[in-house]
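**Q** Here you go, one structure.
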Amino acid sequence: MKLFLSTVALFALFNVISGHAGHNHGPGGKHVNIPTKQLNDGNHIPILGLGTFGFGDIPKIRQAINWAVEAGYRHIDTAALYDNEAEIGKGISDVLKKGLVKREDLFITTKLWNDKHAKNQVVPALKESLSKLGLQYVDLYLIHSPEASKEDGSPADIDYLETWQGMEEAQKLGLAKSIGVSNFDTEQIDRIKAHSKVVPAVNQIEVHPMNTQEKTIKDCFERNIAVVAYSPFGFFVSRGGPSKDDPKIKSIAQKYGKSINQVLLRYLIERGLIPIPKSTNQNRMKENLDVFDFHLTPEEVSTMSSFNTNTSIFG
Ligand SMILES: NC(=O)c1ccc[n+]([C@@H]2O[C@H](COP(=O)([O-])OP(=O)(O)OC[C@H]3O[C@@H](n4cnc5c(N)ncnc54)[C@H](OP(=O)(O)O)[C@@H]3O)[C@@H](O)[C@H]2O)c1
């Protein structure tokens with residue numbers, strides 16, 4: 001508990017909410033401002049994004065990006081692994097052509113897959129992603145995981161320090177505005193810090209009330225590294241996770257007149273994290289965006305964290 005509260009306190013120091021991503025039309029036509037956070041390289045990331053893993057069949061993806069940007073999303077998270085970059089690119093092209101946003105209003109993340117970890121593979125892999133996305137640059141490029149693999153998925157003996165050199169090269173070439181990691185622990189981040197010029201701007205990890213990740217988050221914040229929280233709703237699918245009828249969660253949701261999913265997102269935002277909920281449903285996309293008009297108390301954040309069992313849904 002002490003550790004958790006100090007993480008919250010640390011967040012208050014770290015969390016440089018530096019601006020707003022404009023007036024976006026949210027649910028029911030009301031304005032939703034998505035605040036941004038300044039990264040350690042000076043760039044700004046909207047503090048809630050759209051996840052796109054398992055985004056469904058092809059026509060749905062393009063449509064979902066159109067709905068998302070219309071609803072107010074500006075931050076979209078994809079990966080080479082998700083095999084949806086080309087369709088996401090068509091959606092982005094649609095919203096740019098419609099004049100809904102300019103390219104610089106969007107924050108697009110993609111990720112380097114494990115089978116492209118050799119230093120000389122990184123820039124070509126990013127160029128391939130960019131070509132599918134139809135973009136000149138991504139806002140954030142992440143090493144998807146510290147584990148290198150061969151194309152057949154078997155382990156490859158490539159140190160992620162070498163991969164990071166390729167990431168630095170990609171940033172130098174202007175192909176990625178910011179670079180970061182995903183699924184890295186503190187020791188791995190510290191090896192990068194000790195041996196490289198650029199400190200990762202972001203670590204993207206699984207966080208929800210059954211996997212609260214206090215230590216990694218505290219360590220990232222101490223190193224001025226922002227944390228993007230994936231699988232924010234993983235809570236309910238975790239082994240032994242609570243049901244949506246859990247009275248503690250339900251009473252918090254009822255107090256604010258919000259859904260349980262909205263409380264789960266607000267819980268992450270209160271902790272200084274950047275959730276990236278995935279939805280292809282237009283109403284649920286809007287619901288997930290409508291989380292900027294209420295706050296949880298520190299006690300409610302602690303209540304949500306009390307479900308922690310360090311359970312990863314991917315573990
Ligand atoms: N770096 C990594 O290794 C890694 C790993 C996993 C995920 N990620 C990223 O994180 C994103 C989010 O994680 P995730 O896709 O695992 O899961 P998630 O966002 O926690 O949950 C998505 C599920 O929740 C449903 N949902 C969304 N909004 C809802 C709402 N308001 N009420 C009820 N149900 C709702 C979605 O269904 P509908 O679509 O039907 O609404 C979908 O089934 C991914 O899409 C991906 O971009 C990264």
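**Q** For segment 222-238, what are the residues that are part of a helix (DSSP H, G or I) and surrounded by fewer than 20 Cβ atoms within 10 Å (Cβ to Cβ)? Talk me through it step by step, then tell me what you get.
**A** Within segment 222-238, the subset part of a helix (DSSP H, G or I) is 222, 234-237.
Hits for segment 222-238 are Glu222, Phe236, Val237.
**Q** Inside segment 186-209, can you point out the residues that are more than 23 Å from His44 (Cα to Cα), away from the ligand (no atom under 14 Å from the Cβ) and either basic (Lys, Arg) or open to solvent by less than 10 Å² (accessible area, probe 1.4 Å) (or both)?
**A** Hit for segment 186-209 is Arg191, nothing else.
**Q** Mind counting the residues in segment 184-210 that are in contact with an Asp or Glu (Cβ under 8 Å, 6 or more places away or on another chain) and among the charged types (D, E, K, R)?
**A** Of the residues in segment 184-210, 1 are in contact with an Asp or Glu (Cβ under 8 Å, 6 or more places away or on another chain) and among the charged types (D, E, K, R).
**Q** Out of the residues in segment 101-113 that are assigned to a loop (DSSP other than H, G, I, E, B) and within 16 Å of the ligand (Cβ to nearest atom), which is farthest from the chain's Cα centre (by Cα)? Break it down into steps so the answer makes sense when it comes.
**A** Initially, segment 101-113 is screened for residues assigned to a loop (DSSP other than H, G, I, E, B), giving 101-102, 106, 113.
Imposing the further condition that a residue be within 16 Å of the ligand (Cβ to nearest atom) reduces the set to 106, 113.
Working: Leu106: 14, Trp113: 16 Å.
Among those that are assigned to a loop (DSSP other than H, G, I, E, B) and within 16 Å of the ligand (Cβ to nearest atom), it is Trp113.
**Q** Take Lys250 and decide whether it is within 10 Å of the ligand (Cβ to nearest atom) and either in a loop (DSSP other than H, G, I, E, B) or free of Cβ contacts under 8 Å to residues at least 24 places away in the same chain (or both).
**A** no
**Q** Just name the residue that is surrounded by the fewest Cβ atoms within 10 Å (Cβ to Cβ) out of those in segment 138-156 that are in a loop (DSSP other than H, G, I, E, B) and touching a strand residue (DSSP E or B) at 6+ places or on another chain (Cβ under 6 Å).
**A** The qualifying residue surrounded by the fewest Cβ atoms within 10 Å (Cβ to Cβ) is Ala156.
**Q** Let me ask something else about it. Given Lys116, Lys97, Lys60, which one is farther than 20 Å from Ala156 by Cβ and either among the polar types (S, T, N, Q) or more than 13 Å from the ligand (Cβ to nearest atom) (or both)? Reasoning before the result, please.
**A** Working: Lys116 fails: farther than 20 Å from Ala156 by Cβ; Lys60 fails: either among the polar types (S, T, N, Q) or more than 13 Å from the ligand (Cβ to nearest atom) (or both).
One residue alone meets the criteria, Lys97.
**Q** Oh, and also: I'd like the residue in segment 36-57 that is farther than 20 Å from Val291 by Cα and within 11 Å of the ligand (Cβ to nearest atom) and, out of all such residues, is modelled with the lowest pLDDT.
**A** Gly56
**Q** Looking at Asn183, Asn224, can you tell me which residue is out of contact with any Leu (no Cβ under 8 Å at 6 or more places or on another chain), within 14 Å of the ligand (Cβ to nearest atom) and among the polar types (S, T, N, Q)?
**A** Being out of contact with any Leu (no Cβ under 8 Å at 6 or more places or on another chain), within 14 Å of the ligand (Cβ to nearest atom) and among the polar types (S, T, N, Q) holds for just one of Asn183, Asn224, which is Asn183.
**Q** Within segment 268-279, identify whether any single residue is of a type in the set (Asp, Glu), touching a residue at least 40 places away in the same chain (Cβ under 8 Å) and either in a loop (DSSP other than H, G, I, E, B) or under 15 Å from His208 (Cα atoms) (or both), and answer yes or no.
**A** Going residue by residue through segment 268-279, those that are of a type in the set (Asp, Glu) are 270.
After this cut, where a residue has to be touching a residue at least 40 places away in the same chain (Cβ under 8 Å) as well, the list is 270.
Applying the additional criterion that residues be either in a loop (DSSP other than H, G, I, E, B) or under 15 Å from His208 (Cα atoms) (or both) yields 270.
The answer is yes; a qualifying residue exists.
The values are calculated or read from the model by the stated rules, or taken from the named source; none is laboratory data. These numbers were taken from a predicted model, which means no experiment stands behind them. All Cβ positions, even for glycine, are placed from backbone atoms using ideal geometry, and neighbour counts span all protein chains on display. Protein only, heavy atoms only, side chains kept; ligands, DNA and RNA dropped before computing areas. Shrake-Rupley method; radii C 1.70, N 1.55, O 1.52, S 1.80 Å.
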